[in-house]
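Since the structure comes first, as structure tokens, the remarks are kept for the end.
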Amino acid sequence: MRLSSSLSEGGFWRNVCCFCSVLHPRPLLRWRRGECPIMEITPFSRGERGRGIEETKQKHIPEYSEAHEGKGQRPALQSLKSEVGWGHQWNSFWFRECPPHALAIVRIAFGGFLLSMWLLRWRAVPMLFSREGIVLPLFSSPLLTPPSAVGAWMLYACFLVLLACLTVGFYTRLSAGLCVFFFAYFWLLSLYQFNTSFDRLFFVILLALTPSGAGKTLSVDAWRKKGSFLAWEPISILPQRLLAAQITATYLGVGWQKLALSSWQGGEVLAWGFMGKWATPLAFWILRRNVPIAVYDFGVFLVKSFEVIMPFALWNKRLRRWAFAAGALFHIAIALLLSIPWFLVLIPLYIVFLDPEDVRAWIEARR
């Protein structure tokens with residue numbers, strides 16, 4: 001190839017690098033392995049028309065590197081390598097293959113939690129999901145026509161069986177997909193009236209688990225395919241990252257909302273909660289102690305601080321353990337004081353903030 005400019009000009013090499021990276025991404029990947037993509041081109045300046053590639057490389061590229069590194073400048077090629085590094089880190093964070101152990105633990109914990117929660121609604125099935133109760137579907141559709149009590153019992157039983165299959169990892173993707181369908185059905189039929197944020201969060205988690213490959217280990221599927229519950233196959237890390245992003249957004253949203261709402265600027269909101277319909281006997285006991293309002297003010301300050309800091313602490317390796325402990329204490333306290341146990345499921349879901357390779361190593365070290 002005949003080139004009109006000197007090889008020692010950094011601007012020329014920068015243009016060549018950019019040109020190569022646009023036309024063909026493979027040289028960028030080869031650079032990552034320590035090879036120079038520019039060496040695939042035969043670069044000759046005017047005075048070196050007849051020389052070979054090796055002589056050109058030996059003469060000009062060392063001169064280029066030494067000239068720039070001696071002046072303390074960052075070479076164009078090193079800059080491109082850095083850009084490739086950032087691109088690789090981005091792809092590795094969102095799209096790399098990884099062990100499925102973290103999502104398998106999420107599947108077991110979340111599936112078991114949903115199963116136990118829906119079992120507690122068993123007696124209320126005719127009232128909540130049949131025409132014998134007060135059922136107002138979200139919109140008119142033959143699919144959302146309230147069934148008889150017997151039909152509601154049958155549909156509910158199918159849902160419980162699917163949740164059990166999801167928990168143990170039996171035909172995981174199929175059972176998770178059908179759980180999404182049944183959950184949406186019951187929500188559109190009746191549960192939307194309660195407008196609870198945890199129902200929407202549960203639906204998002206089910207959606208993320210469906211294509212995730214969470215049944216690739218610690219499951220009946222792994223035992224059927226590999227002969228061992230502990231056998232595993234790699235999966236994409238994307239569903240795990242999406243779950244982590246959802247949990248981050250949940251804390252961030254409620255935290256900034258409390259900072260803005262006028263009702264959360266003093267401890268009165270906490271005191272009223274301890275005497276409201278969600279209050280537990282423990283909350284009433286604390287209320288009867290007639291503690292100063294400053295104690296409730298401090299409690300509100302702690303709640304807002306926790307919910308604002310938590311989204312960032314979960315991603316920080318140094319603070320992550322403290323964030324896990326603080327989150328566990330926070331949700332256990334809410335369950336004990338305000339009869340809101342549904343967010344306890346977030347405690348085992350914190351595992352999505354750990355590297356899946358570390359989770360796998362921890363499990364295999366205890367085999």
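May I ask you to order 200-210, 354-364 by the average number of other C-beta atoms within 10 Å around their residues, highest value first? Write down the numbers at each step before the final one.
Values: 200-210: 19.5, 354-364: 15.8.
Going by the mean number of other Cβ atoms within 10 Å, highest first, we get 200-210, 354-364.
Which whole-angstrom value gives the distance between the alpha carbon centres of region 91-131 and region 166-219?
6
Suppose each label sits 7 Å from its Cα in the direction of the beta carbon; what would the Arg131-Ala231 distance come out to in nanometres?
The modelled label-to-label distance comes out at 5.0 nm.
Between Trp278 and residues 5 or more places away or on another chain, which pairs have amide H atoms under 5 Å apart, with H built 1.01 Å from N, and which residues are they?
none
Using R₀ = 30 Å, calculate the FRET efficiency as 1/(1 + (r/R₀)^6) where r is the Cβ-Cβ separation of Trp285 and Trp264; round to 0.05. It would help to have the intermediate numbers written out before the result.
Values: r = 24 Å, r/R0 = 0.79.
Taking R0 as 30 Å, the efficiency between Trp285 and Trp264 is 0.80.
Would you please put 332-342, 211-221 in order of how densely packed they are, using the mean number of other Cβ atoms within 10 angstrom per residue and starting with the highest?
Numbers: 332-342: 15.8, 211-221: 23.6.
Packing order, densest peptide first, comes out as 211-221, 332-342.
Quick check on packing: order 117-123, 301-307 by the mean number of other C-beta atoms within 10 Å, highest mean leading. List each step's numbers first, then the result.
Working: 117-123: 12.3, 301-307: 16.1.
In descending order of packing, they fall as 301-307, 117-123.
Throughout, read-outs are computed from the coordinates displayed, never taken from laboratory work. As the structure is a computational prediction, the values presented were derived from the model and not from experiment. As a convention, Cβ positions derive from the backbone with ideal geometry for all residues, glycine included, and neighbour counts pool all protein chains shown.
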